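Accompanying notes for the structure given below.
The values are calculated or read from the model by the stated rules, or taken from the named source; none is laboratory data. Treat the numbers as computed from the prediction; the structure is a model and nothing was measured. Virtual Cβ from ideal backbone geometry, glycine too; neighbours counted across all protein chains shown.
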């Protein structure tokens with residue numbers, strides 16, 4: 001598979017010379033006409049035409065103005081909306097057995113990871129970055145964990161009907177302060193307590209060729225030790241020697257400022273949380289980084305889906321349920337019993353209160369102030385625990401971004417072009433030379449971002465996904481699991 005240092009436009013032009021306009025691979029061109037086209041970069045073409053050849057977009061424009069190759073097949077999409085597929089920069093895939101509702105290291109197999117990638121594709125996700133993946137690493141005691149190389153092998157494959165996969169490797173944290181929740185993920189990251197260990201871990205980590213190094217800096221509400229500034233500054237320094245970016249799960253304003261001063265590139269969540277508010281000083285640090293061209297591309301995946309879902313409970317009239325709970329798309333890929341167990345009526349009891357709505361509001365304000373200063377917002381769901389709905393969460397993530405103040409068009413750009421570019425996928429845009437990954441919708445998401453859930457078809461690399469057959473397979477798995485209980 002093409003890696004991040006390849007110039008995709010040059011590669012596309014070279015393919016065109018080798019294949020010729022007729023398609024030497026035996027594939028005829030197809031022109032899709034008449035749809036409202038959201039290109040992914042802010043442009044909108046009301047009556048569009050785009051040509052797909054050999055898995056790539058080759059021509060894009062207005063209907064009647066695009067030169068169509070001789071012999072091309074024509075597909076009329078009048079009344080539909082087309083947009084690029086989504087990218088998820090923050091997913092913890094592979095550990096969940098979705099039908100059984102369980103998690104384990106033993107579940108992290110090639111077949112199970114592919115199942116997750118296909119569930120993502122079903123919902124219009126074309127590429128993902130796995131974070132905290134199960135990979136062989138140094139055990140920091142002179143040995144190895146022996147956890148294998150499934151993510152590295154899947155990264156190199158183009159799997160039918162599945163999102164493409166990149167990895168951010170295993171992650172780094174103070175012992176016991178990394179991934180929380182299920183025990184299967186708790187010890188995956190490198191455990192570091194000294195500067196020497198931090199540098200040693202980075203030197204081993206970069207051999208995985210990760211999209212970025214992930215670190216956790218979170219004392220879990222003052223219950224755990226976490227990476228100190230001395231440790232995360234050493235990680236940043238060592239990683240940047242290899243020109244590998246670093247992304248962080250962070251909480252406090254103080255840590256966020258320190259990290260920005262030392263070149264942190266990415267945040268997995270809003271950079272300032274835990275009740276802290278963004279202030280003028282951190283805004284000036286972001287602006288100074290950009291003005292001085294000092295690692296100027298800074299990004300965050302707010303991952304506010306669960307906060308938004310909880311807030312939607314808090315703002316729903318008594319006795320009612322949020323609309324997304326009744327969404328037919330959700331019930332195509334999850335069993336009714338699981339939906340109720342994870343997010344049904346019991347969700348409203350005991351954990352939802354006015355504080356949830358206030359917390360979501362502050363997180364949104366922090367994210368939007370940093371975005372206004374120049375930090376990019378891109379999509380990442382933090383999917384990882386069994387109550388996190390693989391694929392469906394990606395669409396609710398868009399709703400959470402609109403809820404904090406982004407427009408539907410800005411949200412789509414963040415989820416398509418910007419996220420794909422940071423993750424180094426040649427997707428996210430309907431443009432010549434880009435991979436032909438796109439979603440066909442029955443309604444206009446610019447009118448309501450919830451219309452991204454009105455999926456008619458999904459195309460990856462120019463091929464339509466067999467969504468009906470995929471959903472039937474998953475429903476059969478749920479029935480089999482239920483009958484065995």
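Annotations for the structure displayed:
- In region 177-191, of all residues being part of a helix (DSSP H, G or I) and touching a residue at least 12 places away in the same chain (Cβ under 8 Å), the one that is surrounded by the most Cβ atoms within 10 Å (Cβ to Cβ) corresponds to 185.
- Being under 30 Å from residue 246 (Cβ atoms), under 22 Å from the mean Cα position of the chain (by Cα) and either in the same structural domain as residue 397 (by TED's automatic domain parsing) or part of a strand (DSSP E or B) (or both) holds for only one residue in 40, 127, and it is 127.
- For region 456-466, the criterion of being over 30 Å from residue 47 (Cβ atoms) and buried (at least 17 other Cβ atoms within 10 Å of the Cβ) is satisfied by no residue at all.
- Among (1) under 30 Å from residue 322 (Cβ atoms); (2) surrounded by 24 or more Cβ atoms within 10 Å (Cβ to Cβ); (3) free of Cβ contacts under 8 Å to residues at least 40 places away in the same chain, the one test that residue 256 misses: (1)
- Members of region 71-88 that are part of a loop (DSSP other than H, G, I, E, B) and either in contact with a strand residue (DSSP E or B) (Cβ under 7 Å, 6 or more places away or on another chain) or free of Cβ contacts under 8 Å to residues at least 24 places away in the same chain (or both): 72, 77, 80, 85
- Count of region 43-59 residues which are more than 20 Å from residue 445 (Cα to Cα) and in a strand (DSSP E or B): 7
- Within region 144-159, the presence of a residue that is at positive phi, in contact with a helix residue (DSSP H, G or I) (Cβ under 7 Å, 6 or more places away or on another chain) and buried (at least 21 other Cβ atoms within 10 Å of the Cβ) is excluded.
- Condition check for residue 216 on (1) in contact with a strand residue (DSSP E or B) (Cβ under 9 Å, 6 or more places away or on another chain); (2) not in a strand (DSSP E or B): one failure, at (2).
- Extreme residue, farthest from residue 327 (Cα to Cα), among residues of region 384-421 that are modelled with pLDDT under 95 and surrounded by fewer than 21 Cβ atoms within 10 Å (Cβ to Cβ): 385
- When residues of region 141-166 are limited to those that are in a helix (DSSP H, G or I) and in contact with a strand residue (DSSP E or B) (Cβ under 6 Å, 6 or more places away or on another chain), the one nearest to residue 91 (Cα to Cα): 151
- Among residues of region 202-225, those that are farther than 20 Å from residue 136 by Cα and either in contact with a helix residue (DSSP H, G or I) (Cβ under 7 Å, 6 or more places away or on another chain) or surrounded by fewer than 21 Cβ atoms within 10 Å (Cβ to Cβ) (or both), counted: 8
- Qualifying residue in region 380-392 (condition: outside any loop (DSSP other than H, G, I, E, B) and more than 19 Å from residue 271 (Cα to Cα)): yes
- Of the helices (runs of 4 or more DSSP H) lying entirely inside region 401-484, the ones with 1 or more residues being assigned by TED's automatic domain parsing to the domain that holds residue 378 and closer than 30 Å to residue 300 by Cβ are found at 408-413, 419-423.
- Verdict on residue 9 being more than 20 Å from residue 434 (Cβ to Cβ), surrounded by fewer than 20 Cβ atoms within 10 Å (Cβ to Cβ) and either modelled with pLDDT under 95 or outside the structural domain of residue 458 (by TED's automatic domain parsing) (or both): no
- Some residue of region 74-84 being modelled with pLDDT of 95 or more and closer than 30 Å to residue 387 by Cβ: yes
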